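Here the structure comes first, spelled out in structure tokens, and everything after it is commentary.
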Amino acid sequence: MTQISQRVENLSASATLTMLQKTNELRAAGIDIIGMSAGEPDFNTPEHIKRAACEAIAQNYSRYSAVAGYESLRKAICGKLLSENGLDYTPNQIVVGNGAKQELANTLLATVNPGDEVIIPTPAWVSYVEMVKLAEGNPVLVPGNPENNFKITPSQLEDAITPRTKVLMLNSPCNPTGCVYSRDELTALAEVLRRYPDILILSDEIYEHINYVGGVSSIASCPGMKDRTVIINGVSKAYAMTGWRIGFLAAPIALAKAVTKLQGQYTSGASSIAQKAAEAAYLGSQECVEEMRLAFQRRRDLICSLADEISGWKTSRPDGAFYIFPNVAALIGKHCGSRVISSAGDYVMYLLEEANVACVDGAAFCADGFIRLSYATSDDNIREAMRRIREATLRLSD
Ligand code: PMP
Ligand code: GLU
């Protein structure tokens, strides 16, 4: 038998994708599961974007693109960064890849040496710690205080910095907490970072457009930060295009070149057809983005009001993304018959089997005692899921 490498043996499987797989298996077995585990918009990709992909096929966009992506797409991304973020980039600073996920991993692989420290505010998306481990770096977790909407403070950041710190990962709006760093909060973090000029900031802005606070800022727009920040973004969330697999980074030229070299040996350019679709997304009307944002906002309000009715849950109101992240610690130790809930993970399995609702254990996001539910699903599904969860939770006793 082939021995699996230590690198992969040490890696945890993606909890979000594992739960999605489990949901699909149960559905295939005829069980009516409401899926609130994976974070992906339930909307279809807008028509004008799909049409652009069909046209790209007809026009024979069937060959390898440049490794960093078609120049026309990178120009369109520069246009987006200028008009929406006020940030001036040139196409040679942009690298397009298979989703934001690939560009996050690429950046870490291109910058982290074995033993370098990467600061990750937690709760954090499931893949961050594992990507840092893949790059042989040491993840340094900094827990955001729930009383501060899970955001880290400048003094927490400063305390976590050591001479080995290489990268700070930021994610605003955040998956899983939905917290959004205000302009003032980013400015305060930037003030600390100015004292440590060698630290790179990896700013994951994939939920940029899904926010309920009238817009979000990028730390790259704080004075002195652009030349040491890598912005990560893509079309998955804003344009309901998770399956198309297009994301990008915007970085200082030397770093963009390094990532391009890596990508050239690893995956080459992303799908030619999906790139042309993404170009249409950035160049076309942005009305679809606002329509979907409004739907998510309505669902956020709905799910928060229903979550407040569930005994044993303490739920903060998210300012962005499409997740709620209730604290369910009060339920730990309760039981239903002989079944004891001894962790949030047990509660997730209980909800899957007894309420037929799929969600994710907060432990996968480095937060014990919490669970994550995605509300990127219909209002009816949200109402029914919360009804089932309320009833199943009421069956738990001391
Ligand atoms: N960052 C965060 C915080 C995410 O939740 C996701 C969702 N998968 C990604 C990055 C990756 O997005 P994608 O690869 O689909 O562009
Ligand atoms: N970002 C989504 C989530 O957190 C998609 C699944 C994944 O890539 O992890 O559920």
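The values are calculated or read from the model by the stated rules, or taken from the named source; none is laboratory data. These numbers come from a predicted model, not from an experiment. Cβ atoms come from the backbone with ideal geometry, glycine included; neighbour counts cover every protein chain shown.
Some observations on this one:
- Restricting the range 342-379 to residues that are closer than 18 Å to Ile31 by Cβ and charged (D, E, K, R) leaves a set whose member that is surrounded by the fewest Cβ atoms within 10 Å (Cβ to Cβ) is Glu353.
- Selection from the range 290-340 of residues that are out of contact with any Asp or Glu (no Cβ under 7 Å at 6 or more places or on another chain), under 29 Å from Tyr239 (Cβ atoms) and among the basic types (Lys, Arg): Arg293, Arg298, Arg300, Arg317
- Criterion (modelled with pLDDT of 95 or more and either aliphatic (A, V, I, L, M) or touching a Phe, Trp or Tyr at 6+ places or on another chain (Cβ under 8 Å) (or both)) met by exactly one of Asn381, Asn327: Asn327
- Any hit, the range 68-91, residues being acidic (Asp, Glu), surrounded by 24 or more Cβ atoms within 10 Å (Cβ to Cβ) and within 17 Å of Ile246 (Cβ to Cβ): no
- Hits in the range 102-125 (condition: in contact with an Asp or Glu (Cβ under 9 Å, 6 or more places away or on another chain) and not small (Gly, Ala, Ser)): Leu104, Val112, Asn113, Pro114, Asp116, Trp125
- Hey, Asn85 more than 16 Å from ligand 2 (Cβ to nearest atom), at pLDDT 95 or above and at positive phi or not: no
- Criterion (among the acidic types (Asp, Glu), within 16 Å of ligand 1 (Cβ to nearest atom) and either within 22 Å of the chain's Cα centre (by Cα) or part of a helix (DSSP H, G or I) (or both)) met by exactly one of Glu158, Glu103: Glu103
- If you filter the range 262-273 down to residues that are surrounded by fewer than 24 Cβ atoms within 10 Å (Cβ to Cβ) and of a type outside the set (S, T, N, Q), you find that the one that is nearest to Leu104 (Cα to Cα) is Leu262.
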